[in-house]
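The values are calculated or read from the model by the stated rules, or taken from the named source; none is laboratory data. Bear in mind that the values here come from a model prediction, so they are computed numbers and not experimental data. Here the Cβ positions follow ideal geometry from the backbone for every residue, glycine too, while neighbour counts run over all protein chains shown. Note: accessible area is taken over every heavy atom of the protein model, side chains too, but ligands, DNA and RNA are not part of it. Shrake-Rupley method; radii C 1.70, N 1.55, O 1.52, S 1.80 Å.
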Amino acid sequence: MGAWLETPPGAYLLDWEQRHLDAAVADVFGFHALQLGLPALDALRNNRMPHRWLAVDVAHRLGGSAPGPAAADRAVALNCDFDALPFDSQSLDLVVLPHALELARDPHQTLREVERVLMPEGRVVIIGFNPTSLWSMRQQTGRARRRLGLGTGTSLYLPREGDFIAYRRLRDWLRLLSFEVETGRFGCYRPPLHSEPWLARFGWMETAGERWWPVLGAVYALTAVKRVRGMRLVGLVRDQRRQVSASPAVVSQQVCHREAASLMLEPAEHE
């Protein structure tokens, strides 16, 4: 994965993902944020939380590469298993997974761990390759050629590691874990080419793809919120509402009692 990101299509993909994440995490507030995997991408650089971590999966280490210079500038780098995160339950406000589910040894358990460590109303941002795209079709063709002995490792267009997860399938997983998908977006509509000049020539497909075939982008990104059923607001707002609604009732009752007392005394005075 790390070596593929240095190729022209990898750099093109990394640039799109960095711009999307800068906008996706900018207005997410809290105290603790975590990025799982892909050290080449600084997913939390535009977020203002005081405590931010980068975790690298010890099972894969993204092809055996250590965190690069960009990762060294961040607060903390952790080596851990994504399906057993070293955080307390309901302790994080934001978790970002750039291609982490594709490389995790157990994506279901990884997603359950993310749900466990997230606070109620916490957010998760997930980025993954789209299996229904031109890039994925070329990848599947390359794998078929390898099985038939007609090609080598160079016939693969995308990284050979990982198993791509469909966008709708991921939404179903999140729904089962009581997540509510807030936003979803596809990107990288240029054809699967290796040459940087040829990729630049098809720059017009970015605008056309978002308009005419939006679900066929090479990559997708979604943001989901952890919902907890049965939650209700307590505290200062509730106390203020109680005081405001109670004050007029007391005054109106006093006025009614005074008027009733005066009416009862008037006949006695005439007698």
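Kindly indicate whether any position in region 231-246 is modelled with pLDDT under 55 and either among the β-branched types (Val, Ile, Thr) or surrounded by 13 or more Cβ atoms within 10 Å (Cβ to Cβ) (or both). Scanning region 231-246, I find at least one residue that is modelled with pLDDT under 55 and either among the β-branched types (Val, Ile, Thr) or surrounded by 13 or more Cβ atoms within 10 Å (Cβ to Cβ) (or both), so the answer is yes. Each residue in region 12-38 was checked for being in contact (Cβ under 8 Å) with a residue 40 or more places away in the chain and under 18 Å from residue 202 (Cβ atoms), and 3 of them qualify. Only one entry in 121, 115 is touching a Lys or Arg at 6+ places or on another chain (Cβ under 9 Å), at pLDDT 90 or above and at positive phi, namely 121.
From the list 23, 43, the one residue that fits, being open to solvent by 50 Å² or more (accessible area, probe 1.4 Å) and either closer than 22 Å to residue 121 by Cβ or assigned to a helix (DSSP H, G or I) (or both), is 23.
Residues in region 92-107 that are open to solvent by 10 Å² or more (accessible area, probe 1.4 Å) and at pLDDT 95 or above: 93 alone. The set of residues in region 112-128 being open to solvent by less than 20 Å² (accessible area, probe 1.4 Å) and within 15 Å of residue 223 (Cα to Cα) consists of 114, 118, 122, 124, 125, 126, 127, 128. Against the test of being acidic (Asp, Glu) and modelled with pLDDT under 90, the options 88, 73 yield a single qualifying residue, 73. Region 86-192 holds helices (runs of 4 or more DSSP H) entirely within its bounds, and those carrying 3 or more residues that are more than 20 Å from residue 12 (Cα to Cα) and over 21 Å from the mean Cα position of the chain (by Cα) map to 134-147.
When the residues of region 129-172 are filtered to those that are surrounded by fewer than 18 Cβ atoms within 10 Å (Cβ to Cβ) and among the hydrophobic types (A, V, I, L, M, F, W, C), the one that is modelled with the lowest pLDDT is 150.
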